[in-house]
Amino acid sequence: MSRRDQIKMTSEDVAGFLEEQRVVVCATNGVDGWPHLMPLWYVVRDGEIWAWTYAKSQKVRNLERDDRATLQVEDGEQYHELRGVMIEARTVIHRDLGLVSEFGAELFSRHGSEATGPEFLDVVRAQAAKRVALQFRPQRLATWDHRKLGGVY
């Protein structure tokens, strides 16, 4: 078995890992040819990563031109701890205020907001008016979990 096969995550590993983590780095293709990388909070919905950002952000302008994005979620400090997921994806930009508001509430809930009720939803709706939801549809995945090597390289 190759080293690559030894460190590959199963689909269950990937799902658990993405549930544990909170930040995805999103790379889009800049107009000048340089990759544009930005961290985003995310939620996994039906096996797809979703995030939100300002509608006028550079990443949205890049995705309007070219819907391809590469996402990376990673963890670990030392080599034998490194694990991660890289996803090549096509991106759907959602602008519907109701959908973006609903997603914003879900995102805040995942990231520790215990607020609920009308005032909280008013705050989310106010932010959603300036934002979009990004749905990343995976095309290809690469995974690694160096912990599976048991310290032997």
On Cα atoms only, tilt of 11-20 relative to the major axis of the chain in degrees: 50 degrees
Surface accessible to a 1.4 Å probe, per residue, for the residues of the range 1-135, Å²: 58 Å²
The chain - charge dipole about Cα centre, Lys and Arg +1 at Cβ, Asp and Glu -1, debye rounded to 20: 520 debye
Among (1) 1.14; (2) 1.20; (3) 2.37, the entry that matches Cα Rg over 2.2 N^0.38 Å as calculated here: (1)
0 to 90° range, to nearest 10: angle between helix 97-110 axis and the chain longest Cα axis: 50 degrees
Percentage relative contact order, the chain, counting C-alpha pairs under 8 Å, at least six apart: 30 percent
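The values are calculated or read from the model by the stated rules, or taken from the named source; none is laboratory data. As the structure is a computational prediction, the values presented were derived from the model and not from experiment. We place every Cβ from the backbone using ideal geometry, glycine too, and count neighbours over all the protein chains shown. When the accessible area is computed, the model is the full protein with side chains, heavy atoms only, and any ligands, DNA or RNA have been set aside. Shrake-Rupley method; radii C 1.70, N 1.55, O 1.52, S 1.80 Å.
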